[in-house]
Amino acid sequence: MLIRYCFCGFWRAARASALIAMAVGAFGLVGPISLSAVSAQEFPSKPIKVIVPFKPGGRTDVVARLISEKIQEKGWLDEAMAVVNVDGGAGANAVNQMQRDAADGHTIIHWHHQLLIAAAMDLGNFGLDDFKSIGYTGGGSPVWAVREDAPFDTLEELIAHLKEEPRSLVEAVGIGTIPHFVGAMLANEAGFETRYVTANSGADRLRLLLGGNADIALFAASEFLAQGQELKALVYFGRERLPDLPDVPTATELGYDVTWANPNWWLAPAGTPDAAVDALSSALDKAIADPEIVEYFRNNTLEPYWMDGEAAMEDARKTLDQLEDVAATIQ
Amino acid sequence: MANLRGQNREMAADLILSGLVAFAAAVLLYGAASLPPPRFDPLGSAALPRALGVLMLIFSAIIAVRALTRRKLPDDDEGWVVPNEEEPRAASPVRGLLIFVALVAYVAALDFARAPFVPATTVMMAVSGLVLHRVDWRTGLLFGAIGLGLALGLSYVFTHFLYVDLR
Amino acid sequence: MGDAFTLLFTWQNLALLFVGTSLGIVVGAIPGLTASMLIALTLPLTFHMEPVGAVTLLIGEYVGGISGGLITAILLRMPGTPASIVTTFDGYPMARDNRAERALALGILASVVGGIISWVFLAGMSPALARFALQFGPWEYFTLVLMALVMLAALAHSSMVKGLLAAVLGMAFALPGIDSSTGSDRLTFDQDVLLSGFGLLPVLIGAFAISQILRDAAAPVSKERPALPKSRLPVYWSDAKVHGLNMLRSSVIGTWIGLLPGIGANIAALMAYTTAKQVSREPERFGTGYEPGVVAGECANNASIGGALIPLITMGIPGSVTEAILIGALTIHNLQPGPLLFQNAPEIAYGIIAAYLVANIIMLVLMWGAVKYIARVAQIPRAGLLGPILIFCVVGSYAINGSFVDVWVMIAFGIIGLGLEAARVPLGPFVIGFVLSPIAEEQLRASLMMSDGNFWEILQRPYALLFLALAVLTLFWPAFLARIRDRQGALKNERA
């Protein structure tokens, strides 16, 4: 009884996964005998396992759960979707787990551009060729922020200062993570240089910035809106201005060709049949247009949009090229 | 007599420890040798592994030298820890070893043989009862039953509430 | 603060706190099972709880786990947890002397008083300290963690070489994985499974739980049955006068010892006991069933929890193994303990503080009412306990990432833990070294990144210098003390 109450927030999800468990159980009973028959049947023939390469609770995890629940609620796929968290090893553990199952669309990954960074930094034995892209269901962009009392009000002033006195400002980044790459892309483009200080999470970056131990840091737009009372944002890395931050210019507007839109990227193993990928992408396409999902995205400074598998892969390859240029300067 | 044996045992333990630590230090230093030079900070990735490797070598040497030169046990060692008087009387390392073997077999069955969780756990519990309690069929049955209940409960909670697939 | 209590007083959270505290007491009462083991094993269960609920459960287990140990310490002279070792000194003689009820009553009362006094410090100091600690940068964090490492290695064990070796070994095992200062892999020997390093929980469960189970399995079966308490637990109004000062002093000592990172509840209890003995008018009666001995130890070990929670909430630095797991629990919920916790997640920061107070009160009620039954639970045949715990260890490690790699890591560290103990290398510094050295290295390298490689920038950092000085002092303090003692001894000899 008690346990049930502890998880009341997840009650709906729990009920859903009870269904999955029953389905899995039933499948297990029929098991080996019907296995060959199943593969010839239509997709999906059993619950779909969605691997999230992070611990529960982050953005990627929440979005995966929301969309999976929505697809199940509306019955856009004949089977349930179960989210499984496989953290660690810069995603290598998740990829290994994915490759252990058959490449038939019943095991997929929900990730973001951390995958590209892992590939650019050569972490783990995987690359883009190991995946078939299902598509992006929206995404979000970060801002670059300084302390409220900083002597710069615009990105130009900051860059001018850095060009006058190179390496005079400290940027809080996790080396080899998204904040580092985005900052380095802008630095390469604009021709300035900062000093770094290690900060592994948004909370660390905020602490260093507020405590005066760093001057610049990157924050997800939602983080900035929620916790950035004593900060000011200088530039937004999205393609267009964010409605919640109408006064913050984009980097492109300021003449720097740097955008960073971190997508919610759905991926299947490379050998997955097209029919399965199509079934998944049509369900995801419908989910991202659902009013409830759209509202959640808008409230969390994420942009809801659908980009199909091939376009997403092309976008990813382009971004990877940029990232590899930056990675070359790191390693 | 007993004291002397204890001394010898401790000396042997210290020498083995010293050897293992030296080996670990060698692995560490070998691994550190292939790390890239510093890039963002003057220390780089290899500094700490090297420092730890060297420290481990030093400690390993100190322990070996002490073990070989020491004549008398220091009696102030862990002065305030409660002495466990019954320890040597009926200790049975075999039971510990058997439990360990059972544990490894259990995990290997789950991992490599992909044995289903519930039967494997039932067997594991029965075995642990036989090893730890006494060897007769009633103990085996009783502990097997406890194991079955435990396994069913765990797999229910984990698959239903925690999204962990115990299989 | 008021909000935190209203948040806590949803009945789910109270129920969780109740469950956690009672589990903690039972586990704490059973010799061989410790609070850190319990918390490590229940952590995977909290992944999908609300963060406040998860933290509440774990705090309850922590408080209960440290308190429960006194029961078996008094009745059986087997400290249920290391924190209660001191309680055996006078508690067991009292029980032998047919005063078991009185010893239990005083022990429980002292535990609660210790808990409440340290709560006053926790609630009073934490918000201000957090504001202060916001200015701490990499230099301060590095020196603070260094200080903790040195203190632990130097104080936890009588053989400093082995204490330091333990810390160094723990640090070495923390090396494989992605180096956070370069973003590249290091010492992974091209094994993908090593990219995330050895997980904290598999290492902890292995080093503490598995090695303990294997040792327990090999240990002889104890035939001794405790004398269960018969009558009611006697306390008198006069106790406030007789023991009041001792309680206050021991609680303050316990809180401050707990505040120093890396030093556990057992050291706190020992310090309070020694102090009580030194200032007592009848020091010779300590160790013979003397009431103030029980009071001092039990006040201090509970007070140390409140003290240790202070650096945890305000700076995110774990003071003990248990706290390292607590930090793990918070980060799983995307909450980072540290100076900003009070701003970003006040419900958690104040929730921890409120839960700590309520857990102490629940502990009082439970122990007072159920001490007889708990004493009986502690006698469940070992065979019935070890098997299920082993299963829990396996399932718990597997559940962290749904991967058997963690289970094998757990088993490997069980062997390592067993081996280290056999060679008299203490496990405490080993695990703390494992937990703290990544922070220390990362912060040192971040400092050097920030200062463009100039180490002397530390001279402009007064707090960092202070921590560094304390670390150096701790390292040389025992040698210094021994030298003084020698000199005094020599003087005495000369006079004689």
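Just a few scattered comments:
- Inter-residue pairs, beta-carbon under 8 Å, first within 19 Å of C:ILE213 (Cα to Cα) and in segment B:93-118, second buried (at least 16 other Cβ atoms within 10 Å of the Cβ) and polar (S, T, N, Q), 6+ apart: B:ILE99/B:SER128; B:ALA102/B:SER128; B:TYR106/B:THR121
- Qualifying residue in segment C:168-184 (condition: away from chain A (no Cβ under 14 Å), at pLDDT below 90, assigned to a loop (DSSP other than H, G, I, E, B) and open to solvent by 10 Å² or more (accessible area, probe 1.4 Å)): no
- Selection from segment C:452-464 of residues that are open to solvent by less than 60 Å² (accessible area, probe 1.4 Å) and either in a helix (DSSP H, G or I) or touching a Ser or Thr at 6+ places or on another chain (Cβ under 9 Å) (or both): C:GLU457, C:ILE458, C:ARG461, C:ALA464
- C:GLY114 being more than 14 Å from chain A (Cβ to nearest Cβ) and in contact with a Cys (Cβ under 9 Å, 6 or more places away or on another chain): yes
- For segment A:290-318, a residue qualifies if it is hydroxyl-bearing (Ser, Thr, Tyr) and either part of a loop (DSSP other than H, G, I, E, B) or at pLDDT 90 or above (or both), and the qualifying residues are A:THR301, A:TYR305.
- Qualifying position, being at pLDDT below 95, surrounded by fewer than 24 Cβ atoms within 10 Å (Cβ to Cβ), assigned by TED's automatic domain parsing to the domain that holds A:PHE297 and within 19 Å of the chain's Cα centre (by Cα), among A:ILE178, A:ILE117: A:ILE117
- The conditions of being at pLDDT below 80, in a helix (DSSP H, G or I) and either in contact with a helix residue (DSSP H, G or I) (Cβ under 9 Å, 6 or more places away or on another chain) or open to solvent by 10 Å² or more (accessible area, probe 1.4 Å) (or both) are met by C:LEU152.
- Residues of segment A:82-98 satisfying the condition of being facing chain C (nearest Cβ under 8 Å) and either open to solvent by less than 10 Å² (accessible area, probe 1.4 Å) or among the small types (Gly, Ala, Ser) (or both): A:VAL86, A:GLY88, A:GLY89, A:ALA90, A:ALA92
- The set of residues in segment A:128-153 being farther than 30 Å from A:ALA276 by Cα, of a type in the set (Asp, Glu) and touching a residue at least 12 places away in the same chain (Cβ under 8 Å) consists of A:GLU148, A:ASP153.
- Restricting segment C:387-423 to residues that are under 22 Å from B:ASP14 (Cβ atoms) and within 7 Å of another protein chain (Cβ to nearest Cβ), the residue that is most open to solvent (accessible area, probe 1.4 Å): C:ALA422
- Test: residue in segment C:357-372 that is in contact (Cβ under 8 Å) with a residue 60 or more places away in the chain and either within 24 Å of C:LEU201 (Cα to Cα) or polar (S, T, N, Q) (or both): yes
- Only one of C:ILE313, C:ILE257, C:ILE267 that is within 14 Å of another protein chain (Cβ to nearest Cβ), open to solvent by less than 40 Å² (accessible area, probe 1.4 Å) and closer than 30 Å to C:PRO93 by Cβ: C:ILE267
- Residues of segment B:44-70 satisfying the condition of being surrounded by fewer than 18 Cβ atoms within 10 Å (Cβ to Cβ) and more than 23 Å from C:MET160 (Cα to Cα): B:ALA47
- Being in a strand (DSSP E or B) and within 14 Å of chain C (Cβ to nearest Cβ) is a condition met by at least one residue of segment A:99-107.
- Selection status of A:ALA233, over 20 Å from A:PRO263 (Cβ atoms) and either within 10 Å of chain C (Cβ to nearest Cβ) or not hydroxyl-bearing (Ser, Thr, Tyr) (or both): yes
- Complete set of residues in segment A:90-108 that are in contact with a strand residue (DSSP E or B) (Cβ under 6 Å, 6 or more places away or on another chain) and charged (D, E, K, R): A:ASP101
- Residues located in segment C:428-451, provided they are away from chain A (no Cβ under 14 Å) and open to solvent by less than 10 Å² (accessible area, probe 1.4 Å): C:PRO429, C:PHE430, C:VAL431, C:ILE432, C:GLY433, C:LEU436, C:SER437
- Index of the failed condition, C:MET78 passing every other in (1) in a helix (DSSP H, G or I); (2) among the aliphatic types (A, V, I, L, M); (3) at pLDDT below 85: (1)
- Matching residues in segment A:283-329 - criterion: being within 14 Å of chain C (Cβ to nearest Cβ), open to solvent by less than 10 Å² (accessible area, probe 1.4 Å) and in contact with a Gly (Cβ under 9 Å, 6 or more places away or on another chain): A:ALA327
- Applying a threshold of 6 Å to beta carbon distances and a minimum spacing of six or more residues, or different chains, the list of pairs starting in segment B:39-55 at a residue that is within 7 Å of chain C (Cβ to nearest Cβ) and in a helix (DSSP H, G or I) and ending at one that is small (Gly, Ala, Ser) and crowded, with 20+ Cβ neighbours inside 10 Å reads B:PRO49/B:ALA32; B:LEU52/C:ALA172.
- Filter result for C:ARG382 (more than 20 Å from the chain's Cα centre (by Cα), within 9 Å of another protein chain (Cβ to nearest Cβ) and surrounded by fewer than 20 Cβ atoms within 10 Å (Cβ to Cβ)): yes
The values are calculated or read from the model by the stated rules, or taken from the named source; none is laboratory data. Everything numeric here is computed off the predicted structure, so don't read it as measured data. Counting neighbours? That spans all protein chains shown, and the Cβs are built from the backbone with ideal geometry, glycine included. Each accessible area value is taken on the protein alone, full model and side chains, heavy atoms only, with ligands, DNA and RNA left out. Shrake-Rupley method; radii C 1.70, N 1.55, O 1.52, S 1.80 Å.
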